[in-house]
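The values are calculated or read from the model by the stated rules, or taken from the named source; none is laboratory data. What you see is a predicted model, and the numbers here were worked out from it, not measured in a lab. Note: ideal-geometry Cβ built from the backbone for every residue, glycine included; neighbour counts use all protein chains shown. Please note that ligands, DNA and RNA were not included when accessible areas were found on the heavy atoms of the full protein model with its side chains. Shrake-Rupley method; radii C 1.70, N 1.55, O 1.52, S 1.80 Å.
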Protein chains: 2
Amino acid sequence: MQSRFFTLTDHPQGTPARELFALREAELDELADGEVRVRNTWLSVDPYMRGRMTGVTTYIEPFELGAPLEGAAIGDVIESRAPDFPVGTKVRHMQGWRDIAQLPASHLEPLPGHDVPEQTYLGVLGMPGMTAWAGLNRIAEMQSGDNVLVSGAAGAVGSLAVQLAKARGGTVVGIAGSQAKLDWLESLGVKAVSYKDRDAGELTAALLDACPEGFDVYYENVGGVCLEAALNTLRVGARIAVCGLIAGYNDTAPAPGPSNLAMVLIRRARMEGFIVFDHWSHYPTFLEEIGPQVARGDLEHDETVIDGLEQTPDAFLKLFEGANRGKMLVRL
Amino acid sequence: MQSRFFTLTDHPQGTPARELFALREAELDELADGEVRVRNTWLSVDPYMRGRMTGVTTYIEPFELGAPLEGAAIGDVIESRAPDFPVGTKVRHMQGWRDIAQLPASHLEPLPGHDVPEQTYLGVLGMPGMTAWAGLNRIAEMQSGDNVLVSGAAGAVGSLAVQLAKARGGTVVGIAGSQAKLDWLESLGVKAVSYKDRDAGELTAALLDACPEGFDVYYENVGGVCLEAALNTLRVGARIAVCGLIAGYNDTAPAPGPSNLAMVLIRRARMEGFIVFDHWSHYPTFLEEIGPQVARGDLEHDETVIDGLEQTPDAFLKLFEGANRGKMLVRL
């Protein structure tokens with residue numbers, strides 16, 4: 001059986017050129033004992049994948065040029081030599097960027113049993129949702145009544161972060177770019193602020209206009225002007241959960257950091273970076289809390305869906321244009 | 001009775017000009033019930049005072065132009081209408097920058113009873129020492145065996161920080177400027193690295209040469225190139241205690257921050273600003289632990305002493321040239 005997959009032909013400099021992603025086909029090996037074949041139905045593309053394209057080890061191994069790219073995926077077992085995963089089982093795994101995956105059963109997770117569409121386990125009930133939850137609860141230690149600021153607030157992670165924060169009762173402000181995202185955030189009861197065409201001073205003023213007493217928690221997905229403005233709006237004892245810094249992921253040269261890091265001192269703030277995989281042992285707790293809320297429709301979780309394996313690189317590249325509202329997914 | 005004091009005639013822009021400090025004299029009010037008069041014997045000058053000269057409230061009220069400047073001081077009670085502080089009592093208080101202080105007894109502390117010179121309570125057993133201790137223990141949560149990096153390592157705070165860290169058994173590296181400071185640090189068993197004439201890349205290489213496995217804790221007194229280099233040398237889970245950022249205190253325009261803040265994310269590091277006064281309830285614990293060590297001579301605590309009230313502004317300004325080793329003091 002053949003598998004079609006994307007591979008990277010060279011390490012990108014700056015924004016990756018579409019041409020660096022090559023669609024290849026290869027015959028799969030004989031299925032070994034303990035292995036299964038999965039027909040992928042949904043692929044996840046995520047900003048963190050940009051970091052794996054540089055050829056440098058950060059917190060995760062870099063992608064190997066010429067090898068199939070990887071990422072979260074959902075699919076159906078179509079051939080099995082693993083008794084726990086018979087044909088027809090729906091699974092989640094990390095062999096995305098391809099149509100047919102072949103892997104040992106130990107690398108598979110059966111989908112949890114909540115009454116939700118399967119792709120939900122790539123979004124609000126998957127890594128991005130868990131990231132929002134872990135960042136707010138385990139890193140920022142959000143308390144009831146905290147005022148919370150979220151950048152990238154209409155993205156896969158941010159859109160859950162604002163809703164979890166809102167449920168705790170403080171003022172919640174979300175930063176986003178497009179009018180459609182701002183409107184969507186407002187429809188969730190979140191005060192939406194645009195960063196577009198604003199320098200740090202102007203964004204600071206807009207944030208303090210939305211929440212004059214300032215923020216106890218800043219959930220950071222973006223960096224750049226958002227971080228500089230956010231630092232100006234911290235309350236004493238504020239916590240910053242640094243989840244992502246997408247503004248800089250395609251930089252070819254290091255960009256200067258915020259000129260007001262002294263606010264960390266003045267406001268006795270804590271800024272902490274985290275990687276969701278370090279907190280994965282808490283995934284069952286997360287799922288128990290958030291799963292039923294999603295199944296009941298109590299949490300909004302938009303998806304931006306692109307159809308067809310061939311479009312996977314395009315879906316990935318759109319992340320850096322801010323083209324997605326909620327989770328960016330590829331449907332096969 | 002007359003008191004001679006320094007006052008600020010205008011808010012400094014950049015490095016304060018010596019001429020902004022004016023020595024004035026004023027007749028003290030009649031001593032009220034509950035008040036004492038203190039003849040100051042030692043005055044403290046500290047980098048944080050620069051922040052109080054801007055006219056802007058940060059974490060502490062700004063100095064008022066024309067009013068006596070303030071700061072920690074040690075002295076002897078020479079007149080008393082407070083029974084708990086009879087004439088002859090040695091006290092610590094915050095009416096520095098002057099020869100004679102007059103204040104309510106509630107603003108005085110009697111000196112603790114360790115067998116040490118009185119000015120020690122302005123340095124290693126005072127605010128700077130407590131700052132080193134609180135930053136390492138309460139903010140950075142230093143553990144036995146941690147590799148610790150300290151900037152401003154030969155200063156009043158840093159010189160205690162390196163010794164406390166060294167006693168816990170990991171590799172301790174101190175950043176300083178002059179050869180005399182580097183030699184002194186080496187004599188304490190600390191690996192000393194100069195930041196002079198080095199860019200962030202060169203300083204990074206020098207730090208990793210001194211401690212190839214990187215640092216669990218970074219005690220930050222300086223900012224600028226020290227912070228940028230330190231971020232490159234963090235181990236996973238590192239903690240940065242942000243005590244001071246003296247490199248930027250005299251900036252007239254905001255300087256760009258480190259271009260590698262993403263290391264906070266990649267290394268899942270925590271950066272936390274703190275103000276020692278928030279931790280002052282732990283001063284007795286600090287004193288109980290560190291006091292006997294200082295009395296026994298187990299901890300080095302250099303002083304840089306300037307003589308005469310008239311020299312107080314000069315002593316203060318020398319802090320920004322890195323002219324002090326250990327605590328900078330004015331002896332009256």
*Just for chain B, what percent of DSSP beta bridges are antiparallel, to the closest 5?*
55
*Convert 4 °C to kelvin, take the viscosity as 1.567 mPa s, use the Kirkwood radius over C-alpha pairs of region A:249-332 as Rh, and evaluate the Stokes-Einstein diffusion coefficient in µm²/s, rounded to a whole number.*
76
*Looking at region B:45-98, which trypsin sites (Lys or Arg not before Pro) are DSSP coil and have at most 12 other C-beta atoms within 10 Å of their C-beta?*
none
_Relative contact order (%) - region A:127-277, alpha-carbon pairs under 8 angstrom, separation at least six_ = 23
*Calculated on alpha-carbon atoms, Rg and Dmax of region B:1-140 in Å*: 16.1, 48
*When the distances between all Cα atoms of region A:207-288 are binned every 10 Å from zero, what whole-number percent does each bin get?*
17, 42, 28, 13, 0
*Put a point 7 Å out from Cα along the line to Cβ at B:R81; what are the distances to that point in the other copies, in nm, shortest first?*
9.7
_For B:W42, distant residues with modelled amide H under 5 Å away_ = B:I74, B:L332
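With a sphere of radius 12 Å drawn around the Cβ of B:P256, what net charge do the other residues whose Cβ falls strictly inside it have (Lys, Arg +1; Asp, Glu -1)? Don't skip to the end; give the middle numbers.
Values: positive: none; negative: A:E228, B:E228, B:D251.
Computed value for this residue: -3.
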*How far is A:E61 from the same spot in each other copy, in nm, shortest first, if each label point sits 7 Å from Cα toward Cβ?*
6.2
*Label geometry 7 Å along the beta-carbon vector: B:A205 inter-copy distances in nm*: 4.6
*In µm²/s, what is D for the protein assembly as shown at 25 °C and 0.890 mPa s, where D = kT/(6 pi eta Rh) by Stokes-Einstein and Rh is the Kirkwood radius from Cα pairs?*
89
*Taking chain A as the reference, fit the longest principal axis to its C-alpha atoms, fit the long axis of helix A:200-210 to the helix C-alpha atoms, and give the angle between the two in degrees, 0 to 90, nearest 10.*
80
_Through the Karplus equation 6.51 cos²θ - 1.76 cosθ + 1.60, θ set to phi - 60°, convert the phi angles of region B:259-272 into ³J(HN,Hα) values in whole Hz; use x for Gly and Pro._
7, 10, 4, 4, 5, 4, 6, 4, 9, 6, 9, 10, 10, 9
*How big is region B:136-178 on each of its three principal axes, counting only the C-alpha atoms and giving the largest first in Å?*
29, 19, 13
*Taking amide H positions as placed in the peptide plane 1.01 Å from N, state which residues far from A:Y218 in sequence (5 or more) or on other chains have amide H under 5 Å from it.*
A:L149, A:R239, A:I240, A:A241
*What is the sum of charges around B:V38, taking Lys and Arg as +1, Asp and Glu as -1, for the other residues whose C-beta is under 12 Å from the C-beta of B:V38?*
0
*Using a 1.4 Å probe and ignoring any ligands, DNA or RNA, find the accessible area of A:H11 and quote it in Å² to the nearest 10.*
60
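Per residue, how large is the accessible surface of chain A? Use a 1.4 angstrom probe and give square angstrom.
Numbers: 13070 Å² over 332 residues.
About 39 Å² of surface per residue is accessible.
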*Whole-Hz couplings from phi, Karplus 6.51/-1.76/1.60, listed for region A:322-328; x for Gly and Pro*: x, 7, 8, 10, x, 6, 8
*Expressed as cubic angstrom per residue, what is the convex hull volume of the alpha carbon set of region B:189-233?*
80
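Considering only the other residues whose Cβ falls under 9 Å of the Cβ of B:G126, what net charge follows from Lys and Arg at +1 and Asp and Glu at -1?
Values: positive: B:R92, B:K327; negative: none.
Surrounding charge for B:G126 is +2.
For region B:175-275, which GluC sites (Glu not before Pro) are both in a DSSP coil and crowded by at most 14 other Cβ atoms within 10 Å?
Values: sites: B:E186, B:E202, B:E213, B:E220, B:E228, B:E272; in loops: B:E213.
When the GluC sites (Glu not before Pro) of region B:175-275 are filtered for loop state and at most 14 Cβ neighbours within 10 Å, B:E213 remain.
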_For chain A, set up a GNM with springs between Cα atoms under 10 Å and report which of A:P83, A:P62, A:P47 has the largest fluctuation._
A:P83
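Need one word for region B:127-277: rounded, prolate or oblate. Basis is the Cα gyration tensor (sqrt eigenvalues a ≥ b ≥ c); a/c below 1.5 gives rounded, then a/b vs b/c decides.
Working: a/c = 1.14, a/b = 1.10, b/c = 1.03.
Taking the square roots of the gyration eigenvalues as a ≥ b ≥ c, region B:127-277 is rounded.
Output the direction-averaged projected area (hull surface divided by four) of the convex hull of the alpha-carbon atoms of region B:33-104, in nm². Present the calculation step by step, with values, prior to reporting the outcome.
Details: hull surface 20.6 nm².
Result: a mean projected hull area of 5.2 nm².
Take the residue pairs A:K191/A:K327; B:K191/B:K318; A:K166/A:K318; A:K90/A:K166 and return only those whose Cα atoms are more than 23 Å apart. Numbers along the way, then the final one.
Working: A:K191/A:K327 21 Å; B:K191/B:K318 25 Å; A:K166/A:K318 28 Å; A:K90/A:K166 33 Å.
From A:K191/A:K327; B:K191/B:K318; A:K166/A:K318; A:K90/A:K166, over 23 Å: B:K191/B:K318; A:K166/A:K318; A:K90/A:K166.
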*What do you get when you divide the Cα radius of gyration of region A:5-51 by 2.2 N^0.38 Å, with N the number of residues?*
1.53
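Is chain B best put as rounded, prolate or oblate by its Cα gyration tensor, with a ≥ b ≥ c the root eigenvalues, rounded for a/c under 1.5, and otherwise prolate when a/b is larger than b/c, oblate when not? Could you put the intermediate results ahead of the total?
Numbers: a/c = 2.15, a/b = 1.59, b/c = 1.35.
Taking the square roots of the gyration eigenvalues as a ≥ b ≥ c, chain B is prolate.
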